[in-house]
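Colleague: My structure is below; once you've seen it, I'll send some questions.
The values are calculated or read from the model by the stated rules, or taken from the named source; none is laboratory data. Owing to the predicted nature of the structure, the values given are computational and were not obtained by experimental measurement. Note: ideal-geometry Cβ built from the backbone for every residue, glycine included; neighbour counts use all protein chains shown. Please note that ligands, DNA and RNA were not included when accessible areas were found on the heavy atoms of the full protein model with its side chains. Shrake-Rupley method; radii C 1.70, N 1.55, O 1.52, S 1.80 Å.
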Amino acid sequence: MKKLVFIFMLAAVPGVRVSFAQESQPTPKQPSSFAGTDSPEALREHVPVLPAVRKKYWNIDPAVGYGMKDFGNGVYALSDNGWQSAFLVTDTGVIVFDAPASYGKHIPEAIERVTNKPIKMLVYSHIHKDHIGGSPAFKNIPGLQIIALDTVSDFLKEMNDPNRLIPTATFKDSKTIKLGDKTVELTRHNFHSNEGDLFIYVPEAKFLMAVDSVTSGYVPFQDFDLSTNFHQYLKMFDEILAYKFDNFIGGHLTDTGTRRDVEVTKEFTNDVYQTVKRIHNGLNERAFDAEIAKTIGPDNEFLIFKALLDKVTRDSVAELEPRWINRLAGVDVWLPSHVRAALIYVRWDDKE
């Protein structure tokens, strides 16, 4: 019978590291004894951002702290190389998609740079304050609609956070917005936050925004983007690819995405999941527990179980890291957490 304990800490993870003596020719490197700490020595052991990713950093205007790109058909993307948002210019007004805390106060002036149309709507992708904590910049706009999922609105009302304005219009599953000559399709998904996540699609521009899903050029953030539902997260990639889009925004970091970015992140995620499942399910748990008990005795079940989970984690990371370290940025930073998230799913939720 599976033990119900899952409190564990990751041990120092052996794997492959690379350094860039010449950026175009990464070579293998072993982790130092400082791996797993925040010491200067350990931080220097992490892999620099891949050159191909670094080339795609946005040019940020230091005076305002963001950059802007015109995707055509009225869609503009904003980024500070940490967060991303967008807005849509129609012939009767502007719809804003998210207002990140980092540069949200500058979004109205960014809009004024490209149009004199009034801001009509602000759409929230989900509840997280890093993506909508800049919404107070819009609080004095007359007649502004703030649109969000009903569950997002309920959460924000309970939080009563002055940095996240309360939505004025809500919906449960899907909503189509028609403003002037443009259409926006909003659809609920459940891959990230408990209160739901939106896909934001502008068909006239073939533009899709799915925040905290795919980070172009990088592995996902910690624990597969803090996903609260790994089962739904595994389905998310095909749900994204079902749309006809040319440009894609995942909400973070240094480049907007394409279909290929979604496909690569799907491949990475499935590789982590399948590797963890194979290693976990292939382990002779009874024999492993008995061997550990020879050292610590049979009564400390917490420690015995921790040792089991640590072994699956270490073995999975050791196999996965060499396959991905030169394909996506941040592998050495977040892979152990991804393995942990997949292991929790495999151990407690997945079928055998």
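Colleague: Only residues in region 53-72 that are in contact (Cβ under 8 Å) with a residue 24 or more places away in the chain count as the first member; pair them with residues that are β-branched (Val, Ile, Thr) and surrounded by 13 or more Cβ atoms within 10 Å (Cβ to Cβ), Cβ under 6 angstrom, at least 6 apart or cross-chain, and list the lot.
Modeller: Every condition considered, the pairs that remain are LYS56/THR254; TYR57/THR254.
Colleague: When you scan region 109-126, do you find a residue that is touching a Ser or Thr at 6+ places or on another chain (Cβ under 6 Å) and either open to solvent by 30 Å² or more (accessible area, probe 1.4 Å) or more than 17 Å from GLY250 (Cα to Cα) (or both), even just one?
Modeller: Within region 109-126, none of the residues are touching a Ser or Thr at 6+ places or on another chain (Cβ under 6 Å) and either open to solvent by 30 Å² or more (accessible area, probe 1.4 Å) or more than 17 Å from GLY250 (Cα to Cα) (or both).
Colleague: Going by what's in this entry, would GLU195 be described as part of a loop (DSSP other than H, G, I, E, B), more than 19 Å from ASP255 (Cα to Cα) and modelled with pLDDT of 95 or more?
Modeller: So GLU195 passes the test.
Colleague: When you scan region 237-244, do you find a residue that is in contact with a strand residue (DSSP E or B) (Cβ under 8 Å, 6 or more places away or on another chain), part of a helix (DSSP H, G or I), under 30 Å from ASP80 (Cα atoms) and not hydroxyl-bearing (Ser, Thr, Tyr), even just one?
Modeller: Scanning region 237-244 turns up at least one residue that is in contact with a strand residue (DSSP E or B) (Cβ under 8 Å, 6 or more places away or on another chain), part of a helix (DSSP H, G or I), under 30 Å from ASP80 (Cα atoms) and not hydroxyl-bearing (Ser, Thr, Tyr).
Colleague: Can you find, within region 132-158, the residue that is least open to solvent (accessible area, probe 1.4 Å) among those that are part of a helix (DSSP H, G or I) and without any contact (Cβ under 8 Å) to a residue 24 or more places away in the chain?
Modeller: The qualifying residue least open to solvent (accessible area, probe 1.4 Å) is SER153.
Colleague: Hey, could you check region 53-94 for residues that are of a type outside the set (A, V, I, L, M), in contact with a Leu (Cβ under 6 Å, 6 or more places away or on another chain) and in a strand (DSSP E or B) and say which is surrounded by the most Cβ atoms within 10 Å (Cβ to Cβ)?
Modeller: Result: SER85.
Colleague: A further question follows. Just one of the numbered conditions (1) surrounded by fewer than 16 Cβ atoms within 10 Å (Cβ to Cβ); (2) under 26 Å from GLN84 (Cα atoms) is not true of TRP324; which one?
Modeller: (1)
Colleague: Follow-up. Where in region 257-336 are there helices (runs of 4 or more DSSP H), lying fully within it, with 3 or more residues that are within 25 Å of the chain's Cα centre (by Cα)?
Modeller: Once the helices (runs of 4 or more DSSP H) in region 257-336 are filtered for at least 3 residues that are within 25 Å of the chain's Cα centre (by Cα), what remains is 259-282, 301-324.
Colleague: Within region 167-179, does at least one residue satisfy the condition of being farther than 20 Å from ALA148 by Cα, at pLDDT 95 or above and among the hydrophobic types (A, V, I, L, M, F, W, C)? Steps first, answer last, please.
Modeller: Restricting attention to region 167-179, the residues satisfying the condition of being farther than 20 Å from ALA148 by Cα are none.
Scanning region 167-179, I find no residue that is farther than 20 Å from ALA148 by Cα, at pLDDT 95 or above and among the hydrophobic types (A, V, I, L, M, F, W, C), so the answer is no.
Condition check ((1) open to solvent by 20 Å² or more (accessible area, probe 1.4 Å); (2) in a loop (DSSP other than H, G, I, E, B); (3) of a type in the set (Gly, Ala, Ser); (4) without any contact (Cβ under 8 Å) to a residue 24 or more places away in the chain) across all residues:
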{"residue": "ILE166", "(1), (2), (3), (4)": "yes, yes, no, yes"}
{"residue": "THR170", "(1), (2), (3), (4)": "yes, no, no, yes"}
{"residue": "GLU185", "(1), (2), (3), (4)": "yes, no, no, yes"}
{"residue": "PHE191", "(1), (2), (3), (4)": "no, yes, no, no"}
{"residue": "ILE200", "(1), (2), (3), (4)": "no, no, no, no"}
{"residue": "GLU204", "(1), (2), (3), (4)": "yes, no, no, no"}
{"residue": "MET209", "(1), (2), (3), (4)": "no, no, no, no"}
{"residue": "VAL214", "(1), (2), (3), (4)": "no, yes, no, no"}
{"residue": "PHE224", "(1), (2), (3), (4)": "no, no, no, no"}
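Colleague: Taking the options ASN81, ASN59, name whichever one is over 26 Å from ASP181 (Cα atoms), polar (S, T, N, Q), under 23 Å from the mean Cα position of the chain (by Cα) and modelled with pLDDT under 95.
Modeller: ASN59
Residue-wise test of (1) open to solvent by 60 Å² or more (accessible area, probe 1.4 Å); (2) farther than 23 Å from MET236 by Cα; (3) touching a residue at least 40 places away in the same chain (Cβ under 8 Å).
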position	(1), (2), (3)
LYS277	no, no, yes
ASN284	yes, yes, no
ALA290	no, yes, no
THR295	yes, yes, no
ASP299	yes, yes, no
PHE302	yes, yes, yes
LEU308	no, yes, no
